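Visitor: Right, I'll just put the structure down here and ask away after.
The values are calculated or read from the model by the stated rules, or taken from the named source; none is laboratory data. Here the structure is a predicted model, which is why all the values come from computation and not from measurement. A quick note on method: Cβ atoms are made from the backbone with ideal geometry, for glycine too, and the neighbour counts reach across all protein chains shown.
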Amino acid sequence: MINKDSRGDFTMLKSFKLRLLLVIFLVAFAGLALQSGNTSRDLVEPVIKYILTDYGVEQRIADWVQNWRQSISETSVPAESKSAMQIPCEYISVERSYGWQGKQNEKQEEFFPGVSLKVKDNTLVKPVLEGRVMELSSNEDGRTLLIKHNEDLFSLYGGLKEILVEEGSTVTANHILGKTGEHLYIEIRNREGPQNPQQLFE
């Protein structure tokens, strides 16, 4: 059995569908009429203006755009912007850039997920943004540390010969993370994987 409330909802839904169908028909008709010539255009333009003003379509579109812009500004985090990042250290040159590059003496390409910098020995390294030290490790190229800046942004620093922070510690943009050898590897990551940090070094 259908109660009064559900009948009202059904009627409202039916009315909405009819209006939507009418709008689609009017838009299609207006498009055809505007293409056909001046006489049709003179008839259709007042109807379109009437629909836009009387039914508040224009205002609703403007409100939707305003709400959309506001939601973007509220959800965006300044720390996620690469323009807010700082260069982690002084460097001599970019030895290897982010992206797909051909291997020497080979026809195939390989993806390089970060930037390799030529630096002076014992160059001090700072984080690109404030964050928390998540992981320390080492390999044949030196020591590496990973910093989490927020839920969706990480930075990795490789080729360090000395690390001056501890795992789990919070670092500001002015903290010294460690000292380099003659090379420093930088990688910026988010949930989608490595991101291009190249604009930091332009």
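Visitor: Determine whether Q108 is modelled with pLDDT of 65 or more and more than 21 Å from D141 (Cα to Cα).
Guide: Numbers: modelled with pLDDT of 65 or more: yes; more than 21 Å from D141 (Cα to Cα): yes.
Judged against the criteria, Q108 is a match.
Visitor: Also, quick follow-up: Going through the stretch 118-151 one residue at a time, which ones are in contact with a His (Cβ under 9 Å, 6 or more places away or on another chain), modelled with pLDDT under 95 and in a strand (DSSP E or B)?
Guide: The answer is G142, and nothing else.
Visitor: Mind listing whichever residues of the stretch 160-175 are under 16 Å from Y91 (Cβ atoms) and either among the hydrophobic types (A, V, I, L, M, F, W, C) or under 28 Å from the mean Cα position of the chain (by Cα) (or both)? Before the answer, list the steps.
Guide: Within the stretch 160-175, the subset under 16 Å from Y91 (Cβ atoms) is 160-161.
Within the stretch 160-175, L160 is the sole residue that qualifies.
Visitor: Output the number of residues of the stretch 110-141 satisfying the condition of being within 14 Å of T180 (Cα to Cα), crowded, with 21+ Cβ neighbours inside 10 Å and free of Cβ contacts under 8 Å to residues at least 60 places away in the same chain.
Guide: Qualifying residue count, the stretch 110-141: 2.
Visitor: Search the stretch 164-183 for residues that are within 17 Å of R143 (Cα to Cα) and pair each with any residue that is part of a loop (DSSP other than H, G, I, E, B) and among the polar types (S, T, N, Q) when their beta-carbon atoms are under 6 Å apart and the residues are at least 6 apart or on different chains.
Guide: Once the first residue is within 17 Å of R143 (Cα to Cα) and sits in the stretch 164-183, its partners that are part of a loop (DSSP other than H, G, I, E, B) and among the polar types (S, T, N, Q) give K179/N122; T180/T123.
Visitor: How about the stretch 152-177: which of its residues are on the phi > 0 side of the Ramachandran plot and buried (at least 17 other Cβ atoms within 10 Å of the Cβ)? Steps first, answer last, please.
Guide: In the first step, residues of the stretch 152-177 are kept if they are on the phi > 0 side of the Ramachandran plot; the result is 159, 168.
Correct list: G159 only.
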